[in-house]
């Protein structure tokens, strides 16, 4: 299925997406005329978003994992190869070997998604190849050791959302309320069976309301924006989350600028 956010974006598709925006009541925060330009702007932002996630998160993560694994072998710890060792062993190693391998703790945060570390690392490597995540499968993942993907493994959507949240965790300043370092995840991502407090005007988050198949919703100013289900749901929700930050929050997520002088992701929307 071709994304509504593809680069070959037609007027017909623009109108379809405009209706989708209207159907989920984005007119409550954007004027009717704004929705017209918003449909075009989001369409153009799709491919840059894929590239940003790939170049800023996935590729550097794979490179650092391979570097750390090399260091582990040189230190005489082949049992701590990332992709082979358990997440528990890696967490312990991150504490003990922090002075020698300071980036290990950061890597562990990205890997703390599933017990199957071998699959996770291999899938992250596969997704990092090709520039725009061409192997991405929204409701499943890749084949593993000769068997088809099954629900005991995370979907590609879950992997991408996790690394996105973890990256922003690393960019937001520490908060005493979140000693585990998950400042962004704790405030701006909620996963079922937990539920966001939609009565709280200050809640601004991405809500994963279903695991298999994955489905994401956006919570902002007591509104639930339920974008269409399917392949593009996660990326549409991410884009709307970022676009609201750009246009309604002056580009700021708390005290962190997501624009050029900070995290530098808002360039995907152009001027």
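Residue 247 meets the conditions (1) part of a helix (DSSP H, G or I); (2) buried (at least 20 other Cβ atoms within 10 Å of the Cβ); (3) modelled with pLDDT under 95 in every case but one. The failed one is (2).
All conditions in (1) closer than 19 Å to residue 128 by Cα; (2) modelled with pLDDT of 90 or more; (3) in a helix (DSSP H, G or I) hold for residue 79, with the sole exception of (1). The number of residues in region 137-161 that are out of contact with any strand residue (DSSP E or B) (no Cβ under 9 Å at 6 or more places or on another chain), touching a residue at least 40 places away in the same chain (Cβ under 8 Å) and not in a loop (DSSP other than H, G, I, E, B) comes to 2. Against the test of being in contact with a helix residue (DSSP H, G or I) (Cβ under 8 Å, 6 or more places away or on another chain) and more than 30 Å from residue 149 (Cβ to Cβ), the options 239, 260, 218 yield a single qualifying residue, 260. Only residues that are touching a residue at least 24 places away in the same chain (Cβ under 8 Å) and under 19 Å from the mean Cα position of the chain (by Cα) were counted across region 86-128, and they come to 18. Residue-level analysis places residue 236 outside the set of residues that are closer than 21 Å to residue 128 by Cα and either modelled with pLDDT of 90 or more or in a strand (DSSP E or B) (or both). Pick from region 170-181 the residues that are part of a loop (DSSP other than H, G, I, E, B) and in contact with a strand residue (DSSP E or B) (Cβ under 9 Å, 6 or more places away or on another chain): which of them is nearest to residue 217 (Cα to Cα)? Residue satisfying both the conditions and the ranking: 172. Evaluated against (1) surrounded by 15 or more Cβ atoms within 10 Å (Cβ to Cβ); (2) touching a strand residue (DSSP E or B) at 6+ places or on another chain (Cβ under 9 Å); (3) not in a strand (DSSP E or B), residue 195 falls short on exactly one condition, (1).
I'd like the residue in region 86-119 that is closer than 23 Å to residue 168 by Cα and outside any helix (DSSP H, G or I) and, out of all such residues, is modelled with the lowest pLDDT. The qualifying residue modelled with the lowest pLDDT is 98.
The values are calculated or read from the model by the stated rules, or taken from the named source; none is laboratory data. What you are looking at is a predicted structure, and each value in this text was computed from that prediction instead of being measured. Virtual Cβ from ideal backbone geometry, glycine too; neighbours counted across all protein chains shown.
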